[in-house]
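Working notes, structure below.
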Amino acid sequence: MSGHKNTGILISFVLAVGLLSASFTAVLMTSHYNRAQFQLLNGICRSIIDELPETETVIPAILKDYKNKTAVPEEKSILAAYGYRQSDFSKAAPNYGIIFAAAGFLFGGGLFLAAFRHMRRKEMLRIKSLTDYLENVNTGGNGLHLREEEDEFSKLQDEIYKTVTFAYQTRDAALTARQNFAENLANIAHQLKTPITAIHLSLQMMDGPSGKENIRQIRRQLERLTHLEEALLLLSRLDAGTLPFEKKEADVFTILTLAADNLQEVLSHAGVSVDIPEGKPARITADMDWTMEAIMNLLKNCMEHTPAGGVIHCSYEQNPLYTQIIIRDEGDGFAKEDLPHLFERFFRGQNAKGGGIGIGLSLAKEIIESQNGTIHAKNNPDSGACFEIRFYSH
(Lines give C-alpha, C1' and ligand atoms only; values in the text may rest on other atoms or scores of the structure.)
Protein backbone atom coordinates (compact mmCIF):
# COMPACT_ATOMS: atom_id res chain seq x y z
CA MET A 1 0.00 0.00 0.00
CA SER A 2 2.83 2.43 0.85
CA GLY A 3 4.52 1.73 -2.54
CA HIS A 4 1.36 2.72 -4.46
CA LYS A 5 1.06 5.78 -2.26
CA ASN A 6 4.60 6.94 -3.09
CA THR A 7 4.03 6.25 -6.80
CA GLY A 8 0.88 8.39 -6.72
CA ILE A 9 2.79 11.19 -5.00
CA LEU A 10 5.52 11.01 -7.67
CA ILE A 11 2.99 11.14 -10.53
CA SER A 12 1.19 14.08 -8.89
CA PHE A 13 4.51 15.88 -8.49
CA VAL A 14 5.45 15.31 -12.14
CA LEU A 15 2.02 16.53 -13.33
CA ALA A 16 2.32 19.60 -11.14
CA VAL A 17 5.77 20.34 -12.56
CA GLY A 18 4.44 19.86 -16.09
CA LEU A 19 1.51 22.21 -15.51
CA LEU A 20 3.76 24.83 -13.97
CA SER A 21 6.14 24.56 -16.92
CA ALA A 22 3.26 24.87 -19.41
CA SER A 23 1.85 27.87 -17.55
CA PHE A 24 5.26 29.55 -17.47
CA THR A 25 5.73 28.97 -21.21
CA ALA A 26 2.23 30.31 -21.99
CA VAL A 27 2.91 33.49 -20.01
CA LEU A 28 6.18 34.06 -21.85
CA MET A 29 4.61 33.37 -25.25
CA THR A 30 1.69 35.72 -24.56
CA SER A 31 4.04 38.49 -23.49
CA HIS A 32 6.17 37.99 -26.59
CA TYR A 33 3.21 38.07 -28.99
CA ASN A 34 1.81 41.22 -27.39
CA ARG A 35 5.20 42.89 -27.74
CA ALA A 36 5.55 41.75 -31.36
CA GLN A 37 2.06 43.03 -32.30
CA PHE A 38 2.73 46.37 -30.64
CA GLN A 39 6.02 46.77 -32.49
CA LEU A 40 4.39 45.76 -35.81
CA LEU A 41 1.58 48.26 -35.39
CA ASN A 42 4.06 50.94 -34.34
CA GLY A 43 6.15 50.31 -37.47
CA ILE A 44 3.13 50.50 -39.77
CA CYS A 45 1.97 53.77 -38.24
CA ARG A 46 5.46 55.26 -38.50
CA SER A 47 5.66 54.30 -42.20
CA ILE A 48 2.26 55.86 -42.94
CA ILE A 49 3.17 59.12 -41.21
CA ASP A 50 6.51 59.25 -43.02
CA GLU A 51 4.74 58.86 -46.39
CA LEU A 52 1.72 61.05 -45.54
CA PRO A 53 2.61 63.59 -42.84
CA GLU A 54 -0.96 64.91 -42.85
CA THR A 55 -2.18 61.64 -41.31
CA GLU A 56 -0.26 62.28 -38.10
CA THR A 57 -3.36 63.83 -36.53
CA VAL A 58 -5.74 61.23 -37.92
CA ILE A 59 -3.93 58.02 -36.91
CA PRO A 60 -4.08 58.61 -33.10
CA ALA A 61 -7.83 59.16 -33.34
CA ILE A 62 -8.26 55.99 -35.39
CA LEU A 63 -6.15 53.96 -32.91
CA LYS A 64 -8.14 55.31 -29.97
CA ASP A 65 -11.40 54.45 -31.66
CA TYR A 66 -10.14 50.98 -32.62
CA LYS A 67 -8.96 50.29 -29.08
CA ASN A 68 -12.52 50.72 -27.83
CA LYS A 69 -13.98 48.36 -30.45
CA THR A 70 -14.08 44.54 -30.62
CA ALA A 71 -11.94 42.62 -33.09
CA VAL A 72 -12.77 43.08 -36.77
CA PRO A 73 -14.43 39.95 -38.32
CA GLU A 74 -12.15 38.02 -40.59
CA GLU A 75 -14.41 38.40 -43.66
CA LYS A 76 -14.18 42.25 -43.42
CA SER A 77 -10.38 42.25 -43.03
CA ILE A 78 -8.79 44.76 -45.41
CA LEU A 79 -5.42 42.95 -45.29
CA ALA A 80 -7.02 39.71 -46.38
CA ALA A 81 -8.66 41.58 -49.28
CA TYR A 82 -5.23 42.72 -50.40
CA GLY A 83 -3.88 39.16 -50.29
CA TYR A 84 -2.00 39.28 -46.99
CA ARG A 85 -1.96 36.47 -44.43
CA GLN A 86 -1.45 36.51 -40.68
CA SER A 87 1.90 34.74 -40.97
CA ASP A 88 3.26 37.49 -43.21
CA PHE A 89 3.50 39.82 -40.22
CA SER A 90 4.75 37.32 -37.54
CA LYS A 91 7.73 35.55 -39.10
CA ALA A 92 9.89 35.75 -35.95
CA ALA A 93 7.21 34.34 -33.66
CA PRO A 94 7.74 30.61 -34.44
CA ASN A 95 11.41 30.84 -33.58
CA TYR A 96 10.64 32.42 -30.24
CA GLY A 97 7.87 29.86 -29.66
CA ILE A 98 10.31 27.02 -30.18
CA ILE A 99 12.79 28.65 -27.83
CA PHE A 100 10.18 29.11 -25.12
CA ALA A 101 8.81 25.58 -25.60
CA ALA A 102 12.33 24.15 -25.35
CA ALA A 103 12.99 26.23 -22.25
CA GLY A 104 9.78 24.97 -20.65
CA PHE A 105 10.61 21.39 -21.59
CA LEU A 106 14.12 21.69 -20.19
CA PHE A 107 12.82 23.31 -17.01
CA GLY A 108 10.17 20.60 -16.50
CA GLY A 109 12.62 17.85 -17.39
CA GLY A 110 15.17 19.24 -14.96
CA LEU A 111 12.64 19.29 -12.15
CA PHE A 112 11.59 15.75 -13.01
CA LEU A 113 15.20 14.53 -12.97
CA ALA A 114 15.76 16.31 -9.67
CA ALA A 115 12.68 14.63 -8.18
CA PHE A 116 13.75 11.24 -9.55
CA ARG A 117 17.27 11.68 -8.22
CA HIS A 118 15.88 12.65 -4.82
CA MET A 119 13.71 9.54 -4.68
CA ARG A 120 16.56 7.36 -5.90
CA ARG A 121 18.83 8.75 -3.20
CA LYS A 122 16.12 8.10 -0.62
CA GLU A 123 15.81 4.48 -1.79
CA MET A 124 19.57 3.96 -1.63
CA LEU A 125 19.68 5.33 1.92
CA ARG A 126 16.80 3.01 2.86
CA ILE A 127 18.59 -0.01 1.39
CA LYS A 128 21.78 1.00 3.18
CA SER A 129 19.94 1.22 6.52
CA LEU A 130 18.53 -2.30 6.05
CA THR A 131 21.95 -3.61 5.00
CA ASP A 132 23.62 -2.01 8.01
CA TYR A 133 20.96 -3.57 10.25
CA LEU A 134 21.67 -7.06 8.86
CA GLU A 135 25.43 -6.54 9.19
CA ASN A 136 24.94 -5.46 12.79
CA VAL A 137 22.90 -8.61 13.47
CA ASN A 138 25.44 -10.87 11.74
CA THR A 139 28.33 -9.41 13.75
CA GLY A 140 26.48 -9.97 17.02
CA GLY A 141 25.73 -6.33 17.66
CA ASN A 142 23.03 -5.10 19.98
CA GLY A 143 19.73 -3.65 18.90
CA LEU A 144 17.27 -6.15 17.54
CA HIS A 145 14.58 -3.49 17.06
CA LEU A 146 14.30 -1.95 13.59
CA ARG A 147 12.81 1.53 13.27
CA GLU A 148 9.53 1.35 11.37
CA GLU A 149 9.03 3.43 8.22
CA GLU A 150 6.09 3.55 5.82
CA ASP A 151 7.38 3.22 2.24
CA GLU A 152 7.78 0.67 -0.54
CA PHE A 153 10.31 -1.21 1.61
CA SER A 154 7.94 -1.69 4.56
CA LYS A 155 7.02 -5.29 3.67
CA LEU A 156 10.69 -6.18 3.12
CA GLN A 157 11.51 -4.60 6.48
CA ASP A 158 8.77 -6.62 8.19
CA GLU A 159 10.04 -9.87 6.69
CA ILE A 160 13.64 -9.07 7.67
CA TYR A 161 12.54 -8.31 11.22
CA LYS A 162 10.54 -11.55 11.43
CA THR A 163 13.48 -13.57 10.10
CA VAL A 164 15.95 -11.97 12.51
CA THR A 165 13.57 -12.45 15.44
CA PHE A 166 13.09 -16.11 14.53
CA ALA A 167 16.86 -16.55 14.24
CA TYR A 168 17.35 -15.04 17.71
CA GLN A 169 14.65 -17.29 19.14
CA THR A 170 16.22 -20.33 17.49
CA ARG A 171 19.60 -19.39 18.90
CA ASP A 172 18.18 -18.91 22.38
CA ALA A 173 16.37 -22.26 22.14
CA ALA A 174 19.59 -23.95 21.03
CA LEU A 175 21.51 -22.39 23.92
CA THR A 176 18.80 -23.48 26.35
CA ALA A 177 18.84 -27.01 24.93
CA ARG A 178 22.62 -27.10 25.21
CA GLN A 179 22.46 -25.93 28.81
CA ASN A 180 19.78 -28.50 29.61
CA PHE A 181 21.88 -31.18 27.96
CA ALA A 182 24.86 -30.22 30.10
CA GLU A 183 22.70 -30.27 33.23
CA ASN A 184 21.27 -33.65 32.30
CA LEU A 185 24.76 -35.05 31.77
CA ALA A 186 25.78 -33.78 35.19
CA ASN A 187 22.69 -35.33 36.76
CA ILE A 188 23.29 -38.63 34.96
CA ALA A 189 26.87 -38.70 36.16
CA HIS A 190 25.67 -38.05 39.70
CA GLN A 191 23.03 -40.77 39.47
CA LEU A 192 25.56 -43.28 38.15
CA LYS A 193 28.13 -42.38 40.77
CA THR A 194 25.92 -43.38 43.72
CA PRO A 195 25.30 -47.06 42.79
CA ILE A 196 28.81 -47.53 41.47
CA THR A 197 30.28 -46.27 44.75
CA ALA A 198 27.96 -48.57 46.70
CA ILE A 199 29.01 -51.56 44.58
CA HIS A 200 32.70 -50.81 45.18
CA LEU A 201 32.15 -50.58 48.92
CA SER A 202 30.18 -53.84 48.92
CA LEU A 203 32.92 -55.62 46.98
CA GLN A 204 35.52 -54.46 49.48
CA MET A 205 33.45 -55.88 52.34
CA MET A 206 32.52 -59.20 50.73
CA ASP A 207 35.29 -61.03 52.59
CA GLY A 208 33.65 -60.22 55.93
CA PRO A 209 30.79 -61.98 57.75
CA SER A 210 28.22 -59.80 55.98
CA GLY A 211 29.07 -61.15 52.51
CA LYS A 212 25.52 -62.23 51.71
CA GLU A 213 24.16 -58.82 52.64
CA ASN A 214 26.79 -57.19 50.44
CA ILE A 215 25.74 -59.41 47.54
CA ARG A 216 22.12 -58.32 48.01
CA GLN A 217 23.29 -54.70 48.13
CA ILE A 218 25.19 -55.16 44.88
CA ARG A 219 22.13 -56.74 43.28
CA ARG A 220 19.94 -53.78 44.34
CA GLN A 221 22.43 -51.27 42.97
CA LEU A 222 22.72 -53.18 39.69
CA GLU A 223 18.94 -53.20 39.41
CA ARG A 224 19.00 -49.47 40.03
CA LEU A 225 21.58 -49.00 37.28
CA THR A 226 19.52 -51.13 34.91
CA HIS A 227 16.41 -49.06 35.66
CA LEU A 228 18.37 -45.85 35.16
CA GLU A 229 19.71 -47.10 31.82
CA GLU A 230 16.25 -48.03 30.58
CA ALA A 231 14.80 -44.70 31.71
CA LEU A 232 17.58 -42.71 30.01
CA LEU A 233 17.16 -44.66 26.77
CA LEU A 234 13.43 -44.03 26.89
CA LEU A 235 13.94 -40.30 27.51
CA SER A 236 16.42 -40.05 24.63
CA ARG A 237 13.92 -41.71 22.27
CA LEU A 238 11.19 -39.35 23.43
CA ASP A 239 13.46 -36.35 22.85
CA ALA A 240 14.38 -37.58 19.38
CA GLY A 241 10.75 -38.33 18.51
CA THR A 242 11.62 -41.92 17.60
CA LEU A 243 9.44 -43.66 20.18
CA PRO A 244 6.57 -45.25 18.24
CA PHE A 245 3.10 -44.80 19.74
CA GLU A 246 0.48 -47.21 18.46
CA LYS A 247 -2.63 -45.11 18.86
CA LYS A 248 -5.77 -47.19 19.23
CA GLU A 249 -8.93 -46.90 21.25
CA ALA A 250 -8.35 -48.20 24.79
CA ASP A 251 -10.63 -48.51 27.80
CA VAL A 252 -9.55 -46.27 30.71
CA PHE A 253 -10.72 -48.70 33.43
CA THR A 254 -8.69 -51.49 31.82
CA ILE A 255 -5.55 -49.34 31.66
CA LEU A 256 -5.80 -48.38 35.33
CA THR A 257 -6.51 -51.96 36.43
CA LEU A 258 -3.62 -53.46 34.46
CA ALA A 259 -1.22 -50.77 35.73
CA ALA A 260 -2.20 -51.55 39.34
CA ASP A 261 -1.90 -55.30 38.73
CA ASN A 262 1.65 -54.91 37.41
CA LEU A 263 2.58 -53.15 40.65
CA GLN A 264 0.77 -55.57 42.92
CA GLU A 265 3.95 -57.06 44.38
CA VAL A 266 5.53 -53.72 45.36
CA LEU A 267 2.17 -52.37 46.53
CA SER A 268 1.66 -55.38 48.80
CA HIS A 269 5.19 -55.02 50.16
CA ALA A 270 4.47 -51.38 51.02
CA GLY A 271 1.07 -52.23 52.51
CA VAL A 272 -0.74 -49.89 50.10
CA SER A 273 -3.86 -50.69 48.07
CA VAL A 274 -5.35 -49.11 44.96
CA ASP A 275 -9.05 -48.26 44.69
CA ILE A 276 -10.39 -48.10 41.11
CA PRO A 277 -14.20 -47.89 41.10
CA GLU A 278 -15.69 -48.79 37.71
CA GLY A 279 -17.68 -45.89 36.33
CA LYS A 280 -19.31 -45.13 33.00
CA PRO A 281 -17.38 -46.45 29.97
CA ALA A 282 -14.58 -44.10 28.94
CA ARG A 283 -12.18 -44.64 26.06
CA ILE A 284 -9.11 -42.78 24.82
CA THR A 285 -7.06 -42.97 21.64
CA ALA A 286 -3.56 -43.81 22.84
CA ASP A 287 -0.87 -46.46 23.03
CA MET A 288 -2.13 -48.78 25.78
CA ASP A 289 1.28 -50.13 26.86
CA TRP A 290 3.02 -46.76 27.11
CA THR A 291 0.01 -45.17 28.78
CA MET A 292 0.11 -47.98 31.36
CA GLU A 293 3.82 -47.18 31.87
CA ALA A 294 2.98 -43.55 32.62
CA ILE A 295 0.17 -44.54 35.03
CA MET A 296 2.49 -47.00 36.81
CA ASN A 297 5.05 -44.24 37.40
CA LEU A 298 2.34 -42.07 38.94
CA LEU A 299 1.07 -44.93 41.11
CA LYS A 300 4.62 -45.65 42.32
CA ASN A 301 5.08 -42.01 43.25
CA CYS A 302 1.83 -42.06 45.23
CA MET A 303 2.82 -45.35 46.86
CA GLU A 304 6.12 -43.88 48.08
CA HIS A 305 4.23 -41.10 49.88
CA THR A 306 1.34 -43.16 51.25
CA PRO A 307 1.73 -44.66 54.73
CA ALA A 308 1.22 -48.39 55.26
CA GLY A 309 -2.45 -49.26 55.23
CA GLY A 310 -3.24 -46.29 53.03
CA VAL A 311 -5.13 -46.26 49.75
CA ILE A 312 -4.40 -44.74 46.33
CA HIS A 313 -7.66 -43.51 44.80
CA CYS A 314 -8.25 -43.52 41.04
CA SER A 315 -11.23 -42.09 39.20
CA TYR A 316 -12.11 -41.09 35.66
CA GLU A 317 -14.78 -39.31 33.64
CA GLN A 318 -15.36 -38.35 30.03
CA ASN A 319 -16.96 -35.38 28.24
CA PRO A 320 -17.06 -34.29 24.57
CA LEU A 321 -13.73 -32.41 24.92
CA TYR A 322 -11.49 -34.73 26.93
CA THR A 323 -11.20 -37.78 29.17
CA GLN A 324 -9.96 -36.99 32.68
CA ILE A 325 -8.14 -39.36 35.04
CA ILE A 326 -7.54 -38.47 38.70
CA ILE A 327 -4.93 -40.29 40.83
CA ARG A 328 -4.55 -39.19 44.45
CA ASP A 329 -2.91 -40.56 47.60
CA GLU A 330 -3.32 -40.20 51.36
CA GLY A 331 0.16 -38.90 52.11
CA ASP A 332 1.43 -35.50 53.18
CA GLY A 333 1.22 -33.94 49.72
CA PHE A 334 3.81 -31.92 47.85
CA ALA A 335 5.87 -29.13 49.34
CA LYS A 336 4.66 -25.83 47.93
CA GLU A 337 8.09 -24.91 46.56
CA ASP A 338 8.39 -28.31 44.82
CA LEU A 339 5.21 -27.99 42.73
CA PRO A 340 6.77 -25.99 39.83
CA HIS A 341 9.61 -28.53 39.47
CA LEU A 342 7.88 -31.90 39.98
CA PHE A 343 8.09 -32.95 36.31
CA GLU A 344 11.68 -31.83 35.76
CA ARG A 345 14.16 -34.58 35.07
CA PHE A 346 16.17 -35.83 38.06
CA PHE A 347 14.27 -33.56 40.42
CA ARG A 348 13.68 -35.00 43.88
CA GLY A 349 11.39 -33.10 46.20
CA GLN A 350 11.78 -32.44 49.90
CA ASN A 351 9.54 -35.36 50.79
CA ALA A 352 11.11 -37.83 48.33
CA LYS A 353 11.56 -41.33 49.70
CA GLY A 354 13.20 -44.56 48.61
CA GLY A 355 15.94 -44.91 46.04
CA GLY A 356 14.22 -43.07 43.20
CA ILE A 357 16.25 -41.22 40.61
CA GLY A 358 13.77 -38.44 39.78
CA ILE A 359 12.81 -39.61 36.30
CA GLY A 360 9.42 -41.30 36.81
CA LEU A 361 7.25 -38.20 36.77
CA SER A 362 9.21 -36.71 33.87
CA LEU A 363 8.69 -39.90 31.86
CA ALA A 364 4.97 -39.91 32.65
CA LYS A 365 4.64 -36.31 31.49
CA GLU A 366 6.55 -36.96 28.25
CA ILE A 367 4.44 -40.02 27.40
CA ILE A 368 1.12 -38.31 28.15
CA GLU A 369 1.92 -35.08 26.30
CA SER A 370 3.13 -37.05 23.28
CA GLN A 371 -0.40 -38.45 22.99
CA ASN A 372 -2.37 -35.19 22.97
CA GLY A 373 -2.67 -35.11 26.74
CA THR A 374 -1.80 -32.92 29.71
CA ILE A 375 -0.86 -33.64 33.31
CA HIS A 376 -0.91 -31.39 36.39
CA ALA A 377 0.04 -31.99 40.00
CA LYS A 378 -1.55 -30.36 43.02
CA ASN A 379 -2.39 -30.99 46.66
CA ASN A 380 -5.81 -32.16 47.78
CA PRO A 381 -7.75 -29.67 49.93
CA ASP A 382 -7.77 -32.10 52.88
CA SER A 383 -4.49 -34.01 52.49
CA GLY A 384 -2.43 -35.95 49.98
CA ALA A 385 -1.10 -35.37 46.48
CA CYS A 386 -3.20 -35.43 43.33
CA PHE A 387 -2.35 -35.96 39.63
CA GLU A 388 -4.87 -34.74 37.05
CA ILE A 389 -4.54 -36.21 33.55
CA ARG A 390 -6.52 -35.17 30.48
CA PHE A 391 -6.54 -36.84 27.05
CA TYR A 392 -8.19 -34.53 24.53
CA SER A 393 -10.51 -35.82 21.83
CA HIS A 394 -9.16 -33.50 19.11
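The values are calculated or read from the model by the stated rules, or taken from the named source; none is laboratory data. On a predicted model such as this, the values are computed, not experimentally measured, just so you know. Positions of Cβ are generated from backbone atoms using ideal geometry, with glycine treated the same way; all protein chains shown enter the neighbour counts. Ligands, DNA and RNA are excluded from the accessible area calculation, which covers all protein heavy atoms including side chains. Shrake-Rupley method; radii C 1.70, N 1.55, O 1.52, S 1.80 Å.
How high is the FRET efficiency from Ser31 to Ser129, r the C-beta distance, R0 41 Å, rounded to 0.05? It comes to 0.25.
Simple spin-label estimate for Glu230 and Arg121 gives 7.8 nm between the two label positions (7 Å along the Cα-to-Cβ direction from each Cα).
When a 1.4 Å probe is rolled over the protein heavy atoms, the share of accessible surface on the range 248-392 that falls to carbon and sulfur comes to 50 percent.
Backbone phi angles across the range 160-177, fed through the Karplus curve with coefficients 6.51, -1.76 and 1.60 (θ = phi - 60°), yield HN-Hα couplings of 4, 5, 4, 5, 5, 4, 5, 5, 5, 5, 5, 5, 5, 5, 5, 5, 5, 5 Hz in residue order; Gly and Pro are listed as x. For the range 48-65, putting each phi into the Karplus relation 6.51 cos²θ - 1.76 cosθ + 1.60 with θ = phi - 60° gives couplings of 5, 5, 5, 7, 10, x, 5, 7, 5, 8, 7, 4, x, 5, 5, 4, 5, 5 Hz, in residue order, rounded to whole numbers and with x for Gly and Pro. For the range 248-392, a Kirkwood hydrodynamic radius built from all Cα pairs, placed in the Stokes-Einstein relation at 20 °C and 1.002 mPa s, yields a translational diffusion coefficient of 141 µm²/s. Over the range 270-312, all Cα pairs binned in 5 Å intervals from 0 give whole-percent P(r) values of 5, 18, 21, 22, 19, 10, 4, 0, listed from short to long.
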